[in-house]
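Written below as structure tokens is the structure these notes are about.
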Amino acid sequence: EARIVILGAGHAGGSAVAFLRQYGFAGPITLIGDEPHAPYQRPPLSKAWLKGEADANSLLLKPAAFYVEQNIDLRLSVGAKAIDRAAKTVTLSDGNVVDYDVLVIATGARARRLPIPGADLYGVLELRNAADAEKLKTAIGPGKRLAVVGGGYVGLEVAASGRALGAASVVIEREARVLARVACPALSGFFQDYHQAQGVEFELNAGVEAFVGDEGKITGVRLSDGRVIACDAAVVGVGAIPNDEIAGAAGLALDGGIVVDENARTSDPAIFAIGDVTRRPLPLYNRMHRLESVPNALEQAKLVASAITGRKAPAPEVPWFWSDQYDLKLQIAGIPFDADRIVIRGKVEAAKFAVFHLKGSQLVAVEAVNAPPEFMAGKMLIGNGKPVDADKLANDAVSMKEVAA
Ligand code: FAD
């Protein structure tokens, strides 16, 4: 039987193992991860876990016993160093060499760092894995002041969790609004207002020039206008970089991530890649894109398990994502590529609304705040491509069921 080796024991790699066994693959599987933990969920690291509402065990994708029962060769705290495609081997950081018939690269992404003075001070943090989250949790608490560099989803979640733990939070963002890269101005404004009402401070249009410190420990963030924002810790959340170096060194096609096809196969037919590390086709949008989300990791894990076990590939999914801040449940479906019109439905001031992005009469994305029916119906409409009546959509007296009919 084919020997499967999976590099990266994160959400994608761990899910691929589970789907392979679920789909009946009984052959040898080796799962290699450079963290000391079996695959776990990252989203709670900035949300429930950070606030103390979830423990480490509850983060695991599968209990430790699963890997024993399912006869998975799980190797932790060891990294993959090099892939030899001709010999079909992977060299590991502990000196071992493993053979594969089919290789799955699921190495995810890492936090982007700021190449500025003071970046190595104690208290300058990032948030990508459980070890980062432990450090962050010990750094914040009542009476502490947390600076969050970067007003993206993770940054805002950390600011909200910081408030929940009694710390002061200040968000420092280079753009004129938070979520500038991912959300429309209406949604950015809503989130900023909501955070301000919870006591979060904002520095917008603010370039970060340096971290300043005393005796090796951070005391503040210096902005390009010379001001220093005092803090006890700073979390840098300015995006993620795909861990695609070993794939590139092995000659696989890269383009800001490992290029894969609709079955998650790379330019080498014996090698698949899944999760945050990939640049993948989005059939619904007719373009290539790199997604960073749990639903994407799961979808591609299913694709790879289907391809390996000879199952029919599942139908393409509408990309989606979520974020939790305070009592706000944000759900996003689709991506607003080429959208030419925005329709807002519901009540922004009541924190229950949805922003629909249309391209002509077609829905391409929806951002729903505490509005699951809008999210669900919107996701369906994006998937089936039915034309949408914008007037009905804007009128919340007309049910989403009728809009989607
Ligand atoms: P990862 O889960 O990052 O796993 C990759 C693994 O491979 C890591 O353990 C890494 O250490 C390991 N690795 C890397 N290189 C090597 C190597 N050479 N050898 C061995 N191992 C290696 N998504 C959502 O949909 N909703 C959310 O609310 C949400 N919130 C998030 C909050 C935070 C704080 C973070 C960090 C992410 C969040 N995400 C969220 C994104 C989501 O967690 C990722 O999209 C998902 O984890 C991607 O899975 P992956 O397996 O591709 O990568």
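The values are calculated or read from the model by the stated rules, or taken from the named source; none is laboratory data. On a predicted model such as this, the values are computed, not experimentally measured, just so you know. Methodologically, a virtual Cβ is constructed for each residue, glycine included, from the backbone with ideal geometry; neighbour enumeration extends over all protein chains shown. The area values use the complete protein model at the heavy-atom level, side chains included, leaving out ligands, DNA and RNA. Shrake-Rupley method; radii C 1.70, N 1.55, O 1.52, S 1.80 Å.
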Checklist outcome for this item: Cross-link reach from LYS302 to lysines, straight Cα distance under 18 Å and at least 8 residues apart if same chain, gives LYS62, LYS312
Item to check | Accessible surface, segment 226-348, averaged per residue in Å² (probe 1.4 Å) | outcome: 41
Item to check | Net charge over other residues, Cβ less than 15 angstrom from the Cβ of PHE66 (K, R count +1; D, E count -1) | outcome: 0
Item to check | Projected label distance in nm at GLU69 and ALA270, using a 7 Å step from Cα toward the beta-carbon | outcome: 3.4
Next on the checklist: Based on alpha-carbon centroids, what's the gap between segment 27-48 and segment 1-21 in Å, whole number please?
Outcome noted: 11
Item to check | Filtered GluC sites (Glu not before Pro), segment 37-128: DSSP coil and at most 12 other beta carbons within 10 Å | outcome: GLU53
Item to check | Cross-link partners of LYS401 among lysines (Cα-Cα below 24 Å; sequence separation of 8 or more within a chain) | outcome: LYS329, LYS347, LYS352, LYS359, LYS379, LYS386, LYS392
Checklist entry - Ordered by residue, what ³J(HN,Hα) values in Hz, to whole numbers, does segment 304-311 give under the Karplus form 6.51 cos²θ - 1.76 cosθ + 1.60, where θ = phi - 60° and Gly and Pro are x? => result 5, 5, 5, 4, 5, 8, x, 7
Item to check | Paired Rg and Dmax values of segment 328-405, which use every Cα atom, in angstrom | outcome: 11.0, 31
Next on the checklist: What does the C-alpha gyration tensor say about the overall shape of the chain? Classify as rounded when a/c is under 1.5, otherwise prolate if a/b is larger than b/c, or oblate.
Outcome noted: oblate
Checklist outcome for this item: Filtering GluC sites (Glu not before Pro) in segment 229-300 by DSSP loop and by at most 15 other Cβ atoms within 10 Å leaves GLU262
Checklist outcome for this item: Summing -39500 (n - 2.57) over every DSSP H run of at least 4 in the chain, dividing by its residue total and rounding to the nearest 500, the 222 nm mean residue ellipticity is -7000 deg cm²/dmol
Checklist entry - Share of the chain's accessible area from carbon and sulfur, percent, 1.4 Å? => result 51
Item to check | Residues listed by number, segment 55-95, amide nitrogen under 12 Å from GLU245 label point at 7 Å toward C-beta | outcome: 80-82
Checklist entry - Solvent-accessible area per residue for segment 65-218 at a 1.4 Å probe radius, Å²? => result 46
Checklist entry - Tell me, what is the FRET efficiency for SER93 and GLU402 to the nearest 0.05, using R0 = 41 angstrom and their Cβ-Cβ distance as r? => result 0.10
Checklist entry - Between TYR326 and ARG227, what length comes free when the chain is fully extended (0.36 nm per residue of separation minus the Cα-Cα distance, one decimal in nm)? => result 32.7 nm
Checklist entry - Over the chain, what is the mean sequence separation of C-alpha contacts under 8 Å (at least six apart), divided by residue count, expressed as relative contact order in percent? => result 14
Checklist entry - Just the Cα atoms of segment 217-370, one point each, no solvent: what log10 I(q)/I(0) does Debye give at q = 0.12, 0.13, 0.19 Å⁻¹? => result -0.73, -0.81, -1.13
